1. Within the set of pairs 6 or more residues apart or between chains, which connect a residue that is in contact (Cβ under 8 Å) with a residue 24 or more places away in the chain and part of a loop (DSSP other than H, G, I, E, B) inside segment 73-100 to a residue that is small (G, A, S) and open to solvent by less than 50 Å² (accessible area, probe 1.4 Å) with Cβ atoms less than 6 Å apart?
2. I'd like the full set of residues that are open to solvent by 50 Å² or more (accessible area, probe 1.4 Å) and either modelled with pLDDT of 90 or more or of a type in the set (D, E, K, R) (or both), limited to segment 45-63.
3. Select from segment 182-209 the residues that are touching a Lys or Arg at 6+ places or on another chain (Cβ under 8 Å), in contact (Cβ under 8 Å) with a residue 40 or more places away in the chain and either surrounded by 20 or more Cβ atoms within 10 Å (Cβ to Cβ) or assigned to a helix (DSSP H, G or I) (or both) and list them in ascending order.
4. Looking only at residues that are outside any helix (DSSP H, G or I) and surrounded by fewer than 16 Cβ atoms within 10 Å (Cβ to Cβ) in segment 1-25, which one is modelled with the highest pLDDT?
5. Among R154, R110, R132, R123, which is out of contact with any Lys or Arg (no Cβ under 8 Å at 6 or more places or on another chain), surrounded by 14 or more Cβ atoms within 10 Å (Cβ to Cβ), modelled with pLDDT of 95 or more and not in a helix (DSSP H, G or I)?
6. Please go through (1) surrounded by 13 or more Cβ atoms within 10 Å (Cβ to Cβ); (2) modelled with pLDDT of 90 or more for G81 and return the number of the only condition it doesn't satisfy.
7. Identify the residue in segment 26-38 that is out of contact with any Cys (no Cβ under 8 Å at 6 or more places or on another chain) and open to solvent by 60 Å² or more (accessible area, probe 1.4 Å) and, among all such residues, is farthest from S7 (Cα to Cα).
8. Go through segment 101-117 residue by residue and tally those that are in contact (Cβ under 8 Å) with a residue 24 or more places away in the chain and acidic (D, E).
Amino acid sequence: MEGGPASPGFAHLCGLRDPVMSRLVRAIGPLGEEARRRGRPEDAFGSLLRSIIGQQLSTRAAKSIYVRVTALFGGRVPTPGEVLERSAEELAACGISGRKIVYLKDLARRVIDGRLDFVELERVPDEEVRARITEVKGLGRWSADMFLIFHLHRPDVLPVGDLGIRRAVMRAYGLTGLPDLTQLEKIAHPWRPYRTLASLYLWESLEMEVLPPSCEEMMR
């Protein structure tokens with residue numbers, strides 16, 4: 001995944017005519033491995049399992065439940081077969097809702113019977129990846145985008161449904177409200193073909209106490 005000081009993506013974002021993103025990237029500097037992975041497992045099944053767990057939860061709550069789930073399987077990501085073997089009661093004891101348990105079981109079955117082939121997903125375009133992942137119960141565009149970013153390491157993914165990205169853009173660009181889809185895509189257009197890396201910087205910016213000054217502030 002892009003992010004090092006010598007990478008084309010880092011150079012591209014630093015040299016943008018978009019002064020907000022350029023300034024943000026320069027202020028944060030090259031991203032380390034932890035920032036590039038953001039707690040996501042490298043295992044393909046684990047990546048989608050983590051996405052299901054994290055739906056409609058804060059990052060902290062999702063991480064806590066994910067840790068309890070992996071603890072149930074000896075501190076590691078379970079296999080699809082192991083998820084099917086566990087009862088709903090055992091999974092619920094980890095903090096997973098009944099609806100999400102149904103989603104996890106459906107995901108596990110599809111991987112086992114070959115309807116969701118992770119090896120094949122590595123070879124198909126982004127839109128095809130989204131189409132196949134969203135066939136799983138409970139997995140939508142956001143989950144597919146997280147898979148594209150953190151597992152397949154596709155370079156030009158803009159997770160338009162991610163609330164954190166929208167909040168970060170609102171904050172960095174001085175907007176009065178969360179950007180809608182059209183506004184977000186327009187703002188992100190100059191970041192191509194490295195919108196994935198730009199998104200990682202936006203997530204990272206949410207951890208910053210003070211953002212670099214905006215264009216308007218610099219002109220005062």
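1. Partner pairs satisfying both residue conditions: V77/G46.
2. Taking segment 45-63 and keeping what is open to solvent by 50 Å² or more (accessible area, probe 1.4 Å), we get 56-60, 63.
Answer for segment 45-63, where residues must be open to solvent by 50 Å² or more (accessible area, probe 1.4 Å) and either modelled with pLDDT of 90 or more or of a type in the set (D, E, K, R) (or both): R60, K63.
3. Step one: filter segment 182-209 for residues touching a Lys or Arg at 6+ places or on another chain (Cβ under 8 Å), giving 184, 188, 190, 196, 200, 203, 205-206.
Pick out the ones that are also in contact (Cβ under 8 Å) with a residue 40 or more places away in the chain and you get 190, 196, 200, 203, 205-206.
Within segment 182-209, P190, T196, L200, W203, S205 qualify.
4. Taking segment 1-25 as the starting set, the residues that turn out to be outside any helix (DSSP H, G or I) are 1-7, 15-18.
Filter once more, so that each one left must be surrounded by fewer than 16 Cβ atoms within 10 Å (Cβ to Cβ): 4-6, 15, 17.
Details: G4: 55, P5: 56, A6: 58, G15: 89, R17: 86.
By that ranking, first place goes to G15.
5. On the way: R110 fails: not in a helix (DSSP H, G or I); R132 fails: not in a helix (DSSP H, G or I); R123 fails: surrounded by 14 or more Cβ atoms within 10 Å (Cβ to Cβ).
Within the list R154, R110, R132, R123, the selection yields R154.
6. Answer for G81: the failing condition is (1).
7. So the first thing to find is which residues in segment 26-38 are out of contact with any Cys (no Cβ under 8 Å at 6 or more places or on another chain), and the list is 27-38.
When the remaining residues are screened for being open to solvent by 60 Å² or more (accessible area, probe 1.4 Å), the result is 30, 33-34, 38.
On the way: P30: 9, E33: 14, E34: 17, R38: 19 Å.
Top of the filtered list is R38.
8. Filtering segment 101-117 for residues in contact (Cβ under 8 Å) with a residue 24 or more places away in the chain gives 102-104, 106-112.
Narrowing the set further to residues that are acidic (D, E) leaves 106.
So the answer is 1.
The values are calculated or read from the model by the stated rules, or taken from the named source; none is laboratory data. Source: prediction; values computed, not measured. Virtual Cβ from ideal backbone geometry, glycine too; neighbours counted across all protein chains shown. Accessible surface areas use protein heavy atoms only, side chains included; no ligands, DNA or RNA. Shrake-Rupley method; radii C 1.70, N 1.55, O 1.52, S 1.80 Å.
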